[in-house]
Protein chains: 2
Amino acid sequence: MSVIRFANAPAILAAGSVVGKKEVEGPLGAFFDSPVSGDDRFGKPTWEQAEGEMQRRALTTALEKSGLRDKDLGAIFAGDLINQCTSSAYGLIDFDIPYFGLYGACSTGAEGLILGSIALASGGFSHVAGITSSHNSSAERQFRYPIEYGGQRSPTSQWTVTGAAAFVLGTERGEAYITEALPGRVIDHGISDLNNMGAAMAPAAIDTLTRYLKETSHRPSDFDMILTGDLGYEGHGIVVDLMGQAGFDLTKNYSDCGLLIYDRERQDAHAGGSGCACSATVLAGYLLNLFRKGVIHDILWMGTGALMSPLSVNQGLSIPGICHLLRITKENMQ
Amino acid sequence: MSVIRFANAPAILAAGSVVGKKEVEGPLGAFFDSPVSGDDRFGKPTWEQAEGEMQRRALTTALEKSGLRDKDLGAIFAGDLINQCTSSAYGLIDFDIPYFGLYGACSTGAEGLILGSIALASGGFSHVAGITSSHNSSAERQFRYPIEYGGQRSPTSQWTVTGAAAFVLGTERGEAYITEALPGRVIDHGISDLNNMGAAMAPAAIDTLTRYLKETSHRPSDFDMILTGDLGYEGHGIVVDLMGQAGFDLTKNYSDCGLLIYDRERQDAHAGGSGCACSATVLAGYLLNLFRKGVIHDILWMGTGALMSPLSVNQGLSIPGICHLLRITKENMQ
């Protein structure tokens, strides 16, 4: 239950990001790899297969950038939001690589990077990849209503990001390094509103960040940025308030990937972006670019996830959250 | 893509197994930890919560046997078949332990033991746990029909095991050792019959076992037992036939956990047991007992999984399979 410090920090050698039309039109659109897709179907007959296709393209792009072939990867760590994680299983079937399926809801990208880093640290693997995705149309009909129903969205609801991100990890020199990691615990503070996931996940983010800061004796101001994955406006505000009451000032350098990826007013994104792809594409596209330019050198990037299903909520249970933290640095600090 | 050989083989320190009424009444009933539960609800109002409760009891039992407390575990690796893996997330929420959610369908138990072993090998953890579960009633209504519908079962259909198993791993002396592991690739040979999962998963088992035997130059007869997770009669027969044609004689010492857990005639189990709990409870209850008695010393235990969802099959896709192999030995062979 303590912070993992990697003696030989795993490097992000390359990343690939594929996103949909709304994401390309957003403030970070220029940072993603994908060309604009006309209709978010990516040439596939169903939304679920489109999501798998995004994963395939993201990993293909990351491999191309890294100069590696799929045979060079010892393992894939992949997962998504769709029932039985089919976007990952079907989307990555062309790659001839040992496959570890994950489910961490929207924290899956962070979970994959932590497990990939642990795999490299074990000495049994030279290169691995972490991949995740979400698709607005496949997620909406699974977790809420069919899109054709035209259900009205509440102000606290978030917009599931259409996208996929893949990261190739190794122990040589890379674009940035996974220096420390703190895996999250399952935390449930009784929120049961499927249209307010930010509030449901905020307690997990507070739990993990507090544990990290206390154990390492770091202050929030020690980092260039602190980012949660997809708490949106609601969850971000809760984290700022409650961490502030506990003596941690997050008003200066804390943001949320769900606040960065859309223009809230212009794009009608309500409380901000969400989904596995939210934090993962922001890291793969935007944040790695800031590392490359030397704008940031040392950040905390936290994947947040809500571990309910529509069935568990319909059966009257509240929504458990989880938050996995990674400290990512421009230089290998070892 | 090669066999992982653990320099300091992780030990299974203790295991807990909780099963339902049908499993207690089967040939292996005496080997499981749980007392007979009257109605497979384990005191919970829904089947899904009953499944979570089995996970909670299995981990509690394993911890008690190991003499460890939950605070001693550095991580849990857990997953199940239910949408968004809620049996694990809700069932284990009482444990104050970092949580890695997995989805490998019925191979999840094997996936958790491999990832747990990798985590121990990385040096960042002293003890971890792997947990998985399935519940016949929650799986039937999710993957096939509501039980109340009374749908007729085809001869090739299998019976999802109601149960959960938890394993506590560490690097001290234990009941058995995870000496080698070979993670599986996603393999799809075009089977699309939801009532013949054995045939859908058999190609993945053949792929992994063939790779293992070729790389290590072992013959099947080198092992006391070779066990797949839940191929049942159909899949078991396919594996014996096709491996035999490839020059590997599996007629002597190869069985399947789905063939061991039920009495096919007396218990009306059709093609045998299946589900995450099938291979996991057979290892936790029956096989560890055989290790303890010195009946077996060196086995290959392979978790098999089918990575489809009802939606992917309804959309016309075939069923991809996966198979993770572990070599488990009575002595630490390093």
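The values are calculated or read from the model by the stated rules, or taken from the named source; none is laboratory data. The model shown is predicted, which means the values in this text are computed figures rather than measured ones. So basically every Cβ, Gly included, is an ideal-geometry build from the backbone, and we count neighbours across all protein chains shown. Accessible surface areas use protein heavy atoms only, side chains included; no ligands, DNA or RNA. Shrake-Rupley method; radii C 1.70, N 1.55, O 1.52, S 1.80 Å.
Scanning for something open to solvent by 40 Å² or more (accessible area, probe 1.4 Å) and more than 14 Å from every other protein chain (Cβ to nearest Cβ), does segment A:41-52 turn up at least one residue? Yes, that holds for at least one residue. You will find that of A:ASP224, A:ASP230, A:ASP256, the residue that is open to solvent by 10 Å² or more (accessible area, probe 1.4 Å) and among the charged types (D, E, K, R) is A:ASP224 and no other. Just one of (1) open to solvent by less than 10 Å² (accessible area, probe 1.4 Å); (2) assigned to a loop (DSSP other than H, G, I, E, B); (3) small (Gly, Ala, Ser) trips up B:GLY190, so point out which. The number of the failed condition is (1).
Against the conditions (1) more than 30 Å from A:ARG211 (Cβ to Cβ); (2) buried (at least 23 other Cβ atoms within 10 Å of the Cβ); (3) within 14 Å of another protein chain (Cβ to nearest Cβ), A:VAL18 satisfies every one except (3).
Across segment B:21-40, the qualifying residues are those that are open to solvent by 20 Å² or more (accessible area, probe 1.4 Å) and among the hydrophobic types (A, V, I, L, M, F, W, C), and the one among them that is nearest to B:LEU326 (Cα to Cα) is B:PHE31. Could you tell me whether A:THR60 is more than 7 Å from chain B (Cβ to nearest Cβ) and open to solvent by 20 Å² or more (accessible area, probe 1.4 Å)? Yes: the conditions hold for A:THR60. Close Cβ contacts (under 7 Å, 6 or more residues apart or on different chains) running from residues in segment B:265-288 that are among the acidic types (Asp, Glu) to residues that are modelled with pLDDT of 95 or more and open to solvent by 10 Å² or more (accessible area, probe 1.4 Å) are absent. Among the residues of segment A:270-289, at least one is surrounded by fewer than 24 Cβ atoms within 10 Å (Cβ to Cβ) and more than 18 Å from the chain's Cα centre (by Cα). Given the condition open to solvent by less than 10 Å² (accessible area, probe 1.4 Å) and either under 19 Å from B:ALA15 (Cβ atoms) or more than 14 Å from chain A (Cβ to nearest Cβ) (or both), answer yes or no: does some residue in segment B:305-314 qualify? The answer is no, given that none of the residues of segment B:305-314 is open to solvent by less than 10 Å² (accessible area, probe 1.4 Å) and either under 19 Å from B:ALA15 (Cβ atoms) or more than 14 Å from chain A (Cβ to nearest Cβ) (or both).
I'd like to verify a number: residues in segment B:283-334 that are closer than 17 Å to B:ASN196 by Cα, part of a loop (DSSP other than H, G, I, E, B) and touching a helix residue (DSSP H, G or I) at 6+ places or on another chain (Cβ under 7 Å), how many? Number satisfying all stated conditions: 6.
Taking the criterion of being touching a helix residue (DSSP H, G or I) at 6+ places or on another chain (Cβ under 8 Å) and either part of a helix (DSSP H, G or I) or buried (at least 24 other Cβ atoms within 10 Å of the Cβ) (or both), the residues of segment A:74-87 that qualify are A:ALA75, A:ILE76, A:PHE77, A:ALA78, A:GLY79, A:ASP80, A:LEU81, A:ILE82, A:ASN83, A:GLN84, A:THR86, A:SER87. Here A:LEU194 does not fit the description of being within 14 Å of chain B (Cβ to nearest Cβ) and either of a type in the set (Ser, Thr, Tyr) or under 25 Å from A:ALA62 (Cβ atoms) (or both).
Within segment B:241-253, being open to solvent by 30 Å² or more (accessible area, probe 1.4 Å) and either in contact with a Lys or Arg (Cβ under 7 Å, 6 or more places away or on another chain) or assigned to a helix (DSSP H, G or I) (or both) holds for B:ASP241, B:LEU242, B:GLY244, B:GLN245.
Inclusion of A:ALA110 among residues that are closer than 16 Å to A:HIS135 by Cα, crowded, with 24+ Cβ neighbours inside 10 Å and modelled with pLDDT of 95 or more is not warranted.
Residue check: is B:GLY151 at pLDDT 95 or above and more than 10 Å from every other protein chain (Cβ to nearest Cβ)? So B:GLY151 fails the test.
One residue alone among A:GLY321, A:GLY294, A:GLY303 is under 12 Å from the mean Cα position of the chain (by Cα) and in contact (Cβ under 8 Å) with a residue 24 or more places away in the chain, and that residue is A:GLY303. Scanning segment A:210-236 for residues being closer than 20 Å to B:ALA89 by Cα and either hydroxyl-bearing (Ser, Thr, Tyr) or not in a loop (DSSP other than H, G, I, E, B) (or both) gives a total of 0.
Of the residues making up segment B:126-142, those that are open to solvent by 20 Å² or more (accessible area, probe 1.4 Å) and within 13 Å of chain A (Cβ to nearest Cβ) number 4. Among the residues of segment A:63-80, the ones that are touching a Cys at 6+ places or on another chain (Cβ under 6 Å) and more than 8 Å from every other protein chain (Cβ to nearest Cβ) come to 1 in all. Which residue, of A:ILE93, A:ILE118, A:ILE97, is facing chain B (nearest Cβ under 8 Å), assigned to a loop (DSSP other than H, G, I, E, B) and open to solvent by less than 20 Å² (accessible area, probe 1.4 Å)? Criteria check complete, one pass: A:ILE97. Among the residues of segment B:35-73, the ones that are in contact with a Phe, Trp or Tyr (Cβ under 9 Å, 6 or more places away or on another chain) and outside any helix (DSSP H, G or I) come to 3 in all.
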